[in-house]
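Heads up, the thing below is written out as C-alpha cells.
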Amino acid sequence: MKVAVAYEAGQPLVVEDLPVPAIGPRDVLVRISASGICHTDLHVIEGRSALPLPIVPGHEACGIALETGPEVRRVKPGDRVLASVAPACGECWWCVNGMSNHCELNSAKNQPRFRLADGRSAGAVCGCGTFAEAMVVAEASLVAVQTSLGDEELALLGCGVTTGLAAALNTARVTPGSSVAVIGCGGVGQSVIQGARIAGAAVIIAIDPVAARREGSLRVGATHAVDPGDGNPVEQVRALTGGRGADYSFEAVGRPELMVQAFNMARTAGSVTLLGMPAVTDTLTLPAIQAVFSGKRLSGASTGGAQILRDFPRFIGLAEAGRLDLTAMVSQRITLAEVNKGIDLVHRAEGVRTVIV
C-alpha cells in the first residue's frame, strides 16, 4: 500500500509502497477514505515532538474496517469507522471515571507499525498513521459510526473539530450569554468558536493575524474579529467585553507567548483553556501573583477533554442537525501523492483544514 513516511526532520515526506502491517489480536485493518492534515503532524515532521523518526504522520481519518483481530469486539468488517487521536479502551481507571482522553493506552499508542524497505521499523502518529491508503490500528482508537456525512467532513472529527468543540463544551463549559475569546482560528480554533456558538455565548471574539481565517470565523459563529496587527489583542478584547476581559479564553495555537495572552485577556475569576500543541521543549511562565490572586481557572485540554465513545456520536448529531458546520472547515482536497503540498498549505496558514482523499 502507499504510505507517506517522514524520514528526516524538516524534509519532505516520501510516498512509497510498504507492506500492510501485521494485525494483532485487538487490531483493525482500515481502508482510509479521508484524512485531515493537523498542525500536530507538522510538529512531528519538523522534529519538534518527542516522537522518533522515521514515522508515518496522520491521526484524524475515517474509513472502512476491512479485517479485525480475533479479540476485537468494538467494530466488525464492513463498518464505517472514525479514527481518534486518543484511544479509549473503556476499561482502565481513566476511562471508567469519565476521562478517556487520558486512557492508559495513550502511553503505548506509538508502537512501531510499519516495516521500511531498509529493514527499519517506523511508528504511526497517535497509533494511527493516516497518511496512507490503509492503517492497522488498535480497536480502542476506533468508533463505528452510521451517518450520511461525507468522508472528508467526518474525518475532521477524529482530532481538530472534536478537540475544539470539546474544549468549549466539556472543559470550559461555556455558558449561555457569556463572552469568549479564541486565539488562533485554524481548524481547532474555529471549532472552539462553533462550540461557543452552540453553547449560546453572546460575544465570541476570533483573534488571528490571517484575514481569511478571521473572515471564516465570522461565518461559523464569531461575533467579532481581532487582528493582532491592529494593536495589543488583550486590550482589544477588553474593549469588546466592557473592560473586564472575556469570561472564557482559549489558546489554540500552541505558543507560550499566546498562552500568556489568553491568560491576560480572561477576566478576573474567568476561565483559561489551553489546547494548542506546543513544541516538546517549550515552557510557560506566568506572573505568580496574578496566577494566585486573579482567581482565574487555567486548564489544559488534552483532545479538548473529549470522550470519544460518547462525543463522536453527539457531534455527528450536531452536524446532521445543521448546528455544526463541517463543510466550512474543509478548505482544500488533495491526493496522497500531493501530501507535501498539503503540508506547505498548513505551513502558510492557508485555509482551515486540508484533507487527503
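The values are calculated or read from the model by the stated rules, or taken from the named source; none is laboratory data. Keep in mind that what you see is a predicted model, and the values were worked out from it rather than measured. Every residue, glycine among them, receives a Cβ derived from its backbone with ideal geometry; neighbour counts consider all protein chains shown. SASA here: full protein model, heavy atoms, side chains in, ligands and nucleic acids out. Shrake-Rupley method; radii C 1.70, N 1.55, O 1.52, S 1.80 Å.
Couple of notes before you dig in:
- Mean projected area (nm²) of the alpha-carbon convex hull when segment 92-136 is viewed from all directions: 3.8
- When the chain is treated as a GNM with alpha-carbon contacts under 10 Å, the residue of THR335, THR281, THR223 showing the greatest mean-square fluctuation is THR281.
- All other residues whose Cβ lies under 15 angstrom from that of ASN340 are scored, Lys and Arg at +1 and Asp and Glu at -1, for a net of -4.
- Relative contact order of the chain, pairs being alpha-carbon contacts under 8 Å that are 6 or more residues apart, as %: 18
- The charge dipole of segment 1-106, taken about its Cα centre with unit charges on the Cβ of Lys, Arg, Asp and Glu (plus for the first two, minus for the last two), comes to roughly 300 debye.
- Mean projected area in nm² (Cα convex hull; one quarter of hull surface) for segment 187-243: 3.7
- With N counted as the residues of segment 1-158, its alpha-carbon radius of gyration over 2.2 N^0.38 Å works out to 0.98.
- The chain - charge dipole about Cα centre, Lys and Arg +1 at Cβ, Asp and Glu -1, debye rounded to 20: 800
- DSSP beta bridges confined to the chain are antiparallel in about 55 percent of cases.
- With the convex hull drawn over the C-alpha atoms of segment 251-357, the volume per residue is 157 Å³.
- Working note: 222 nm ellipticity from helices only, DSSP H runs with n ≥ 4, each -39,500 (n - 2.57), summed and divided by the residues of the chain, gives -7000 deg cm²/dmol to the nearest 500.
- The chain: translational diffusion in µm²/s, Stokes-Einstein, Kirkwood Rh over Cα pairs, 10 °C, 1.306 mPa s: 78
- Between THR147, THR241, THR273, the residue with the greatest mean-square fluctuation in the GNM of the chain (Cα pairs under 10 Å linked by springs) is THR147.
- For the pair segment 180-259 / segment 299-357, the C-alpha centres are spaced 18 Å from each other.
- In segment 108-237, the alpha-carbon atoms span a convex hull of 168 Å³ per residue.
- Within-12-Å neighbourhood charge of GLN146 [Cβ basis; K, R +1; D, E -1]: -1
- Within the assembled protein chains, the solvent-accessible surface assigned to ARG197 is about 80 Å², based on a 1.4 Å probe.
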